[in-house]
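What follows is one structure encoded as structure tokens, with my remarks underneath.
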Amino acid sequence: MRQLKPTSPGTRQRTIADYSSLTATKPHKALTFGYKRRVGRAKSGTITTRHKGGGNKKLYRVVDFKQNKLDIPATIVSLEYDPNRSAFIALAAYRDGEKRYVLASKNMKAGDTIITSENAPLTEGNRLPVGKMPPGFFVHNVELQPNRGGQIAKSAGSFVKVMAHEGKFTMITMPSSEVRRVLSSCLATIGVLSKGEHNLINFGKAGKSRWHGIRPTVRGTVMNPVDHPHGGGEGKQPIGLRYPKTKWGKHALGKKTRRRKNRSQVFIVSRKVKNK
């Protein structure tokens, strides 16, 4: 984390991530492509998600979340910034000549060797089944189903903790503190993801939000009654409702969205701990 010198009001509170570990300024061209972002709009052009729009152009980097090249070692060529995700990415060159982008772990550096194997060494960056990992290990990019690719713990600084092995299942603690079972054959990568200070970054000015495609948000309490259920009244006052609502009258806070008959319900050992 870097604190900028207060040479202007916009930089007085602004903080940025530490990019000193990155070794490349341009992405690998063969693994990138341009695309048109939806920015909160449906195909018809109507807004389906508010407060999105604008932002800088981005090249999409094709990241390999499966890492399914088994028993072929790869050397980390460079660590790079990816504007499409919060964690850093690493360019891995496999021994057979192919190059792929993978998620960079916390202590990864150029020149490291990684491998995906059933019997891979228990070192950071290697990928192997969670059933082969001792309890207490921190892993990321975890599969929910074998050969489907990583679906858990893919954002900056996130990790999953291996708790115990039980038959053909392995119990893991999710980033949300939820404990659940996954098949022991599901692959996971050892280590904590990079850029753990991402949640501490302060944009410092409104313009930085616009660069990221985040448009201004207006509170419902300052709107008129015709525009929002919270609107109306003179001065600052409570919303006068039993629970906070969205602009369309739906629950805004605390509403459970998980389906009761979700098929994955049987894999959950304990729900997440509520913040006190």
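A few notes on this one:
- A Cβ distance below 9 Å, combined with a sequence gap of six or more or placement on separate chains, defines the contacts here; from the stretch 249-276, residues that are on the phi > 0 side of the Ramachandran plot reach residues that are surrounded by 10 or more Cβ atoms within 10 Å (Cβ to Cβ) in the pairs GLY249/PRO229; GLY254/TYR243; GLY254/PRO244.
- Counting the residues of the stretch 105-121 that are within 24 Å of the chain's Cα centre (by Cα) and more than 8 Å from ILE76 (Cβ to Cβ) gives 5.
- Any hit, the stretch 163-173, residues being farther than 30 Å from GLY149 by Cβ and out of contact with any helix residue (DSSP H, G or I) (no Cβ under 9 Å at 6 or more places or on another chain): no
- Within the stretch 222-276, tally of residues that are surrounded by 10 or more Cβ atoms within 10 Å (Cβ to Cβ), within 20 Å of THR49 (Cα to Cα) and among the small types (Gly, Ala, Ser): 2
- Applying the criterion of being β-branched (Val, Ile, Thr) and in contact (Cβ under 8 Å) with a residue 60 or more places away in the chain to the residues of the stretch 106-124, the residue that is surrounded by the most Cβ atoms within 10 Å (Cβ to Cβ) is THR116.
- Options ILE190, ILE201: the member that is touching a residue at least 24 places away in the same chain (Cβ under 8 Å), closer than 18 Å to GLN151 by Cβ and β-branched (Val, Ile, Thr): ILE190
- Residues of the stretch 179-205 classified as in a loop (DSSP other than H, G, I, E, B) and under 26 Å from ASN119 (Cα atoms), total: 6
- For the stretch 247-254, the condition holds for at least one residue, the condition being that it is outside any loop (DSSP other than H, G, I, E, B) and farther than 30 Å from GLY207 by Cβ.
- Residues that are surrounded by fewer than 21 Cβ atoms within 10 Å (Cβ to Cβ) and in a loop (DSSP other than H, G, I, E, B) within the stretch 134-155 comprise PRO134, PRO135, GLY136, PHE137, LEU144, GLN145, PRO146, ASN147, ARG148, GLY149, LYS154, SER155, listed in sequence order.
- Residues located in the stretch 156-181, provided they are of a type outside the set (S, T, N, Q) and under 20 Å from the mean Cα position of the chain (by Cα): ALA156, GLY157, PHE159, VAL160, LYS161, VAL162, ILE172, MET174, PRO175, GLU178, VAL179, ARG180
- Any hit, the stretch 171-178, residues being among the hydroxyl-bearing types (Ser, Thr, Tyr), surrounded by 14 or more Cβ atoms within 10 Å (Cβ to Cβ) and not in a helix (DSSP H, G or I): yes
Yes/no per residue for (1) of a type in the set (Gly, Ala, Ser); (2) in the same structural domain as GLY55 (by TED's automatic domain parsing); (3) within 30 Å of LYS5 (Cβ to Cβ):
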{"site": "ASN119", "(1), (2), (3)": "no, yes, no"}
{"site": "GLU124", "(1), (2), (3)": "no, yes, no"}
{"site": "LYS132", "(1), (2), (3)": "no, yes, no"}
{"site": "VAL142", "(1), (2), (3)": "no, yes, no"}
{"site": "ARG148", "(1), (2), (3)": "no, yes, no"}
{"site": "SER176", "(1), (2), (3)": "yes, yes, no"}
{"site": "ALA188", "(1), (2), (3)": "yes, yes, no"}
{"site": "GLY191", "(1), (2), (3)": "yes, yes, no"}
{"site": "PHE203", "(1), (2), (3)": "no, no, yes"}
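- Selected residue [in a loop (DSSP other than H, G, I, E, B), farther than 25 Å from SER177 by Cβ and touching a strand residue (DSSP E or B) at 6+ places or on another chain (Cβ under 8 Å)] from PRO225, PRO229, PRO238: PRO229
- Scanning the stretch 156-169 for residues that are loosely packed, with under 15 Cβ neighbours inside 10 Å and in a loop (DSSP other than H, G, I, E, B) yields GLY167, LYS168.
The values are calculated or read from the model by the stated rules, or taken from the named source; none is laboratory data. Quick caveat, the model's predicted, so the values are computed rather than measured. A quick note on method: Cβ atoms are made from the backbone with ideal geometry, for glycine too, and the neighbour counts reach across all protein chains shown.
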